[in-house]
Amino acid sequence: MKLYKELVRNYGSPLYVYNLNKITTAHEMLKNCLPENSKIFYSLKANPNPGVVHHIIKLGCYAEISSIRELDIVLAAGLPVHKCLYTGPGKSDEEIKHAMEKGVSHFSVESLDELGVISNLSLCKKSKVRITLRINPSSQSSNASINMTGIPSQFGFEEDQLDSKELMKFKNNFIVIEGIHIYNGSNFDSSEKLFNNFKSAIHTIKRVSRRLEIDLKFIDLGGGFSAPYGKNETLINYKDIKTSLQEIIDNEFSNAIQIAFETGRYLTATSGVIIGTVQSLKKSKERNFCIIDFGINNLGGMSGLRRLPSSNFNIIPIDKANEEKIEASLVGPLCTPLDYIDKKAIIPRFSRGDNFFIPNVGAYGLTASLLGFLSRDFPKEIIIENNDVRQAFDYKLISLNNSKNYLATELI
Ligand SMILES: Cc1ncc(COP(=O)(O)O)c(C=O)c1O
């Protein structure tokens, strides 16, 4: 608490703080539930902060990236480019070209249109490219909180429409189709659900590789590792899936095949808190409102993704920790009634200037928010390790040729 108070004093409010020690612990837990020699791909979409990414890379992770800026971040953080897997359902020609110019040689491909562009570019540039096909399995097998496959979806090739003759048209001396990628969904909240998800992905990969006669060198079983969001909870320990998963992989695949898993939230969610400051506590028609200095512009809960925060966030007071609690709607400073963090928060009887924090928002926090809305400053991001500040980042909204862009400045 003392540290948080000091950070707000030095860097202002609202403020994101990421603790690298928590990332190290999460990475250890993740490694301990996966088969030996698995590669963990960090999905930058969960948290692209350069300090966070640098730490995750130092822990030995590969990267799953879906934009040129994510590519720039991982390269600047020191990841060798062959450890990048470029994914995403709508890669533009320029994006693919730029990525290849930067040395990316492994793409998860989601359509024949994309395969055509990559094939032509690899031939023109005489660059070797590894192709991993993302597949939408023919039936839904998972019960994730967000299902992405087995349903009508923009992701991947339809399993039963994929045809080896079609694929052959794109063959040349520079591309090898050598991988299959399945990402069934996110947030499997038990070992059993997660294991069933991987088992189903393995079966799909076997069916597809056999039918299309793919000489597999790489399989990406996706992820779906769950993590708390805004609540004072701990990460699920999935260690009891390790032996069964190892067994099934050993039975089904040669050990020359690289096995990959992807996650963003499992590695970063528990590392981050957002610290805020109370602006006002008032009553409207018998309801208490606590107005704070950030809203869905800073903690959107993926509001742009139509996943608005609902309630049950833990609001942990830095000041007035021991006071009697009241129920209040915790709302942000934006000019819309949709700007609420928690409609029924349990909080102390705060006064203007009091500080508090919300735990476990290190994944899909800042960059999954409506950052441009109302043109407010972005919160700074502070990286701590062993209770010491390691880095501080400040993002500024700038106007560039009439479009909004942002500029990151490292403060220290
Ligand atoms: C293809 C793919 N990989 C990885 C992820 C990261 O998921 P999470 O942060 O839930 O681990 C996502 C999230 O949507 C995804 O779509």
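The values are calculated or read from the model by the stated rules, or taken from the named source; none is laboratory data. All values derive from a computational prediction rather than experimental measurement. Cβ sites come from the backbone with ideal geometry, for glycine too, and all protein chains shown count toward neighbours. Just the protein is used for accessible areas: all its heavy atoms, side chains included, with ligands, DNA and RNA removed. Shrake-Rupley method; radii C 1.70, N 1.55, O 1.52, S 1.80 Å.
Among all the aspartates and glutamates, which ones have a C-alpha under 15 Å from Lys239's C-alpha, if same-chain residues fewer than 8 places away are not counted?
Glu28, Glu36, Asp189, Glu192, Glu247
Counting only protein heavy atoms and a 1.4 Å probe, tell me what percentage of the chain's accessible area is made up of carbon and sulfur.
48 percent
Among Tyr395, Tyr229, Tyr4, what's the order by accessible area (1.4 angstrom probe), most exposed first?
Tyr229, Tyr4, Tyr395
Using a Förster distance of 35 Å, how high is the FRET efficiency between Lys2 and Ser190, based on the Cβ-Cβ distance and rounded to 0.05?
The pair Lys2/Ser190 has a calculated efficiency of 0.40.
For Phe294, which sequence-distant residues (separation of 5 or more, or a different chain) have an amide H within less than 5 Å of its own amide H, given hydrogens modelled in the peptide plane?
Under 5 Å from the amide H of Phe294 lie the amide H atoms of Thr277, each far enough along the sequence or on another chain.
Starting from the Cα-Cα distance between Glu36 and Leu112, subtract it from 0.36 nm times their residue separation and give me the gain in nm to one decimal.
In short, 24.0 nm is gained.
Measuring from label point to label point, each 7 Å out along Cα→Cβ, what is the Lys83 to Glu101 span in nm?
2.5 nm
May I ask for the percentage of alpha-carbon pairs in segment 1-102 that lie more than 20 Å from each other?
In whole percent, the share of Cα-Cα pairs in segment 1-102 beyond 20 Å is 49.
Would you mind computing, in nm to one decimal, how far apart the modelled labels at Lys283 and Ser139 are, each placed 7 Å from Cα along Cα→Cβ?
The two pseudo-label positions are separated by 5.9 nm.
Length gain on complete extension for the stretch Arg207 to Lys169, per 0.36 nm per residue less the alpha carbon to alpha carbon distance?
11.5 nm
How long are the three semi-axes of the equivalent ellipsoid of the chain, in whole Å, if each is the root of 5 times an eigenvalue of the C-alpha gyration tensor, listed from largest down?
40, 23, 20
Which FRET efficiency, nearest 0.05, do Cys124 and Arg69 yield, Cβ-Cβ r, R0 41 Å?
E(calc), rounded to 0.05, equals 0.95.
Pull up the cross-link candidates among the lysines for Lys171, meaning alpha carbon to alpha carbon under 25 Å and not fewer than 8 places away within one chain.
Once the sequence-local lysines are set aside, what remains near Lys171 is Lys83, Lys91, Lys97, Lys102, Lys125, Lys126, Lys128, Lys206, Lys217.
Using the Cα centre of segment 197-247 as the reference point, and only Cβ charges (+1 on K/R, -1 on D/E), how large is the resulting charge dipole? Debye, rounded to the nearest 20.
My answer is approximately 140 debye.
Let me know the charge dipole size of segment 215-339 about its Cα centre in debye, to the nearest 20, where only the beta-carbon of Lys, Arg (+1) and Asp, Glu (-1) is charged.
The dipole magnitude comes to about 600 debye.
When the expected Rg is taken as 2.2 N^0.38 Å, what fraction or multiple of it is the alpha-carbon Rg of segment 275-385?
With N residues counted in segment 275-385, Rg over 2.2 N^0.38 Å equals 1.02.
Looking at Gly264, Gly276, Thr234, which one has the Cα that reaches farthest to the positive end of the dipole of segment 230-280 (charges on Cβ: Lys, Arg +1; Asp, Glu -1)?
Highest projection toward the positive end goes to Gly276.
Quick check: residue separation of Lys217 and Asp394 times 0.36 nm, minus the Cα distance between them. What number comes out in nm?
In short, 59.6 nm is gained.
Any idea what diffusion coefficient segment 194-261 gets from Stokes-Einstein, in µm²/s, Kirkwood Rh on alpha carbon pairs, 37 °C, 0.692 mPa s?
The Stokes-Einstein estimate is 243 µm²/s.
Rounded to whole Hz and in sequence order, give me ³J(HN,Hα) for segment 320-335 from the Karplus expression 6.51 cos²θ - 1.76 cosθ + 1.60, θ = phi - 60°, writing x for Gly and Pro.
6, 4, 9, 6, 4, 9, 10, 9, 8, 7, 8, 10, x, x, 7, 8
Given a 1.4 Å probe, how much area per residue of the chain is accessible, in Å²?
45 Å²
In square nanometres, what is the average projected area of the Cα convex hull of segment 164-288?
13.5 nm²
Suppose every K and R has +1 on its Cβ and every D and E has -1 on its Cβ; what is the size of the dipole of segment 154-247 about the Cα centre, in Debye to the nearest 20?
140 debye
Between Ile316 and Glu158, take the C-beta separation as r, use R0 = 45 Å, and let me know the FRET efficiency to the nearest 0.05.
That gives a FRET efficiency of 0.45.
Taking Lys285 as the anchor, which lysines have their alpha carbon closer than 26 Å to its alpha carbon, excluding any fewer than eight residues away along the same chain?
Qualifying lysines at Cα under 26 Å: Lys320, Lys325, Lys343, Lys344.
What ranking do 172-181, 121-130 get when scored by the average of other Cβ atoms within 10 Å per residue, highest first?
Per-residue Cβ counts within 10 Å, averaged per peptide and sorted highest first, yield 172-181, 121-130.
Divide by every residue of the chain the summed helix terms, -39500 (n - 2.57) for each DSSP H run of at least 4, and state the resulting mean residue ellipticity at 222 nm, rounded to the nearest 500 deg cm²/dmol.
The per-residue figure over the chain is -7500 deg cm²/dmol.
Report, by chain and number, residues whose modeled amide H sits under 5 Å from the one on Gly264, excluding near sequence neighbours (fewer than 5 apart, same chain).
Ser43
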